[in-house]
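The values are calculated or read from the model by the stated rules, or taken from the named source; none is laboratory data. These figures come from a predicted structure and were not determined experimentally. Positions of Cβ are generated from backbone atoms using ideal geometry, with glycine treated the same way; all protein chains shown enter the neighbour counts. Heavy atoms of the whole protein, side chains included, go into the accessibility calculation; ligands, DNA and RNA do not. Shrake-Rupley method; radii C 1.70, N 1.55, O 1.52, S 1.80 Å.
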Amino acid sequence: MPHDDHRKIPTVLNKQTNWNELYFYQKADVVYQLSFVFCERFIHLYKDRTRDQVIQAARSCKQNIVEGLADGVTSTEMQLKLLNVARSSLKELKEDFEDFLKSRHLRFYTTADKEYDPMLQYCRMHNKLEDYEPFFLQWTDEEMCNYGVTLCHMIDKMMMTFLERLDREFVTQGGIKERMYRARTGYRQQQDERLKQLEAENPQLHQRIAELEAQLAGALQASEQWQAAYNDLKQRALNAYNKQKEEIEELKRTR
């Protein structure tokens, strides 16, 4: 009986998440590029140390998302840690944008401002860099900061939802040690079950072989008996033929 067990053994590695398809990563990429252009346009290269801090915070957010999701293949714990680092960098960046507005007495858009709703809707509906890049050299510093703050807020909410899902998965499924144990245990259980199946089938196969051997022996014996009967009949016919032939020759001689 052929082995046809298609039950899936638990795996050790998690499935790789394609971060390019995640909205919070796409928006994080937008925020990094926006931050870079913002610093190039509005923060002096040598007179304000905030420039490097803004760029590094934006970059840290994006890169830690990538590293966290990549590490998630083997370690849920490391994934949670790095994604939270990304959130920390994001909050730092948001604070820098807000400080820029405050220190220069610029407006922080609220629901009372005409710019607020269009900005909010645009950030909700658009995720990719090509949707924002054409405006990077058109927006004022006030507009860029407000868009930056809004995007940071949205990214943070999306990441919290994602982290909560990972947290539930970790609680219910455990980390890599638990997955390794389940995978090894599942493999051993499958091997044990297969061994029991073979041990149960083996006597049946042995009995079947014995039955086939008996049938073959019977067929051979019948074949031998048929051959003996055939030879006897053939010999009797040949004897009768020879006897008739001798009688015919005798009759011819005595005519």
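Suppose accessible area is computed on protein heavy atoms with a 1.4 Å probe; arrange 132, 147 from highest to lowest.
Final ranking, largest accessible area leading: 147, 132.
Over region 73-122, average the accessible area per residue using a 1.4 Å probe and give it in Å², no decimals.
Accessible area per residue: 58 Å².
Roll a 1.4 angstrom probe over the protein heavy atoms and tell me the percent of accessible area of region 29-109 that is carbon or sulfur.
48 percent
Go through region 65-162 and name the trypsin sites (Lys or Arg not before Pro) that are in a DSSP coil and have 13 or fewer other Cβ atoms within 10 Å of their Cβ.
When the trypsin sites (Lys or Arg not before Pro) of region 65-162 are filtered for loop state and at most 13 Cβ neighbours within 10 Å, 104, 107, 114, 128 remain.
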